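Heads up: the structure comes next, in structure tokens.
The values are calculated or read from the model by the stated rules, or taken from the named source; none is laboratory data. All figures in this text were calculated on a predicted structure; none of them were measured in a lab. We place every Cβ from the backbone using ideal geometry, glycine too, and count neighbours over all the protein chains shown. Please note that ligands, DNA and RNA were not included when accessible areas were found on the heavy atoms of the full protein model with its side chains. Shrake-Rupley method; radii C 1.70, N 1.55, O 1.52, S 1.80 Å.
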Amino acid sequence: MEPDFWHKRWSQQQTAFHQPDGHPMLNKWWPTLDLGTDARVLVPLCGKTPDLRTLAERGHRVTGIELSPIAAQDFFVEQHLSADSDELDDFERYRADCGAGTIEILVGDFFAASGQTLGPFDAFYDRAALIALPETMRSRYVEHLFTLLNDDAPGLLITLDYDQSQMNGPPFAVDEEEVNTLFDAYREVKILETGARLGGKNMLAERGVKSADEYVYRLTASA
Ligand SMILES: C[S@@+](CC[C@H](N)C(=O)[O-])C[C@H]1O[C@@H](n2cnc3c(N)ncnc32)[C@H](O)[C@@H]1O
């Protein structure tokens, strides 16, 4: 998708993907990544998810990357956090302490993020980032993600699968086979949980999707 697509979604408040209470599976599965409390965690295409807060309250130093300044500003207002801002590379950066950890949101294009300046991160959390991108962009996304991570950084990935002929994305359907193919060169892929889901205010049902499955994956370095 072009940046304008997302800027328009945010300015017109078409953000049905947003989960005001965060993702129910994050607290269940995050501990299985077995990270140190002060780990640096990357949240690509973060929107204004309260999951950033959940991760920071675990003590992590959390970095979200998001195109929309509206999303970033809304996040700190809605979470009642007072943020400082400055510039870093091509990004406008908002930063606040939160619980035992910190949250920064870098406003700009994920693909412009440089591992030299920003990395390396100890882990990543992708909910609705990979599936926000069309098929032609997904391998580039994964390649770029791994330029920002430590060699052994694990991740939690949450995707959706449904019959793509029933609706145009985003969110796009990404099946298990594609996840395995995309991450094969980098990590071992394990499904932690899968179940029927028509999440985000039932926006998939409203758009004609009859059933959808959500998948939670853990990605870890090979033993
Ligand atoms: C489907 S939303 C998911 C947001 C968040 N992960 C969540 O769970 O609520 C995708 C987000 O990615 C952002 N986005 C899309 N392309 C991007 C890019 N190239 N760089 C940074 N953010 C991007 C959009 O503005 C949007 O907020």
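Which percent, to the nearest 5, of DSSP beta bridges fully inside the chain are antiparallel? Don't skip to the answer; put the middle values down first.
Numbers: 28 of 46 bridges.
Among the beta bridges of the chain, antiparallel pairing accounts for roughly 60 percent.
Which of the GluC sites (Glu not before Pro) found in region 46-143 are in a DSSP loop and have at most 15 neighbouring Cβ atoms, other than their own, within 10 Å?
Values: sites: GLU57, GLU66, GLU78, GLU87, GLU92, GLU104, GLU135, GLU143; in loops: none.
Counting only loop positions with at most 15 other Cβ atoms within 10 Å, none of the GluC sites (Glu not before Pro) in region 46-143 qualifies.
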Choice from PRO134, PRO31, PRO154 with maximal GNM fluctuation in the chain (Cα, 10 Å cutoff): PRO31
Region 41-65-region 174-214 distance, computed between alpha-carbon centres (Å): 21 Å
Between region 70-90 and region 103-129, the alpha-carbon center distance in angstrom: 15 Å
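Using alpha carbons only, what's the Rg to Rh ratio of region 3-220 with Rh from Kirkwood?
Numbers: Rg = 16.2 Å, Rh = 17.4 Å.
When Rh is taken as the Kirkwood radius, the ratio is 0.93.
Would you mind working out the accessible area per residue for the chain, using a 1.4 Å probe, and quoting it in Å²? Don't jump to the answer; show the numbers that get you there.
Numbers: 10510 Å² over 223 residues.
With the other protein chains kept in place, the chain gives 47 Å² per residue.
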Most mobile of LEU106, LEU130, LEU26 in a GNM of the chain (Cα contacts under 10 Å): LEU26
Value at 222 nm in deg cm²/dmol, rounded to 500, when DSSP H runs of n ≥ 4 in the chain each add -39,500 (n - 2.57): -7500 deg cm²/dmol
Choice from ARG207, ARG187, ARG95 with maximal GNM fluctuation in the chain (Cα, 10 Å cutoff): ARG207
Qualifying aspartates and glutamates (Cα of each under 17 Å from Cα of LYS8; at least 8 residues distant if same chain): GLU66, ASP74, ASP109
Whole-percent carbon and sulfur share, accessible surface of the chain, 1.4 Å: 44 percent
Size of charge dipole - region 70-223 - debye, nearest 20, with Cβ of Lys, Arg +1 and Asp, Glu -1, no other charges: 420 debye
DSSP-defined beta bridges in region 49-148 - what % are antiparallel, rounded to 5: 65 percent
Long-range amide H partners of LEU133 with built H, under 5 Å: PHE172
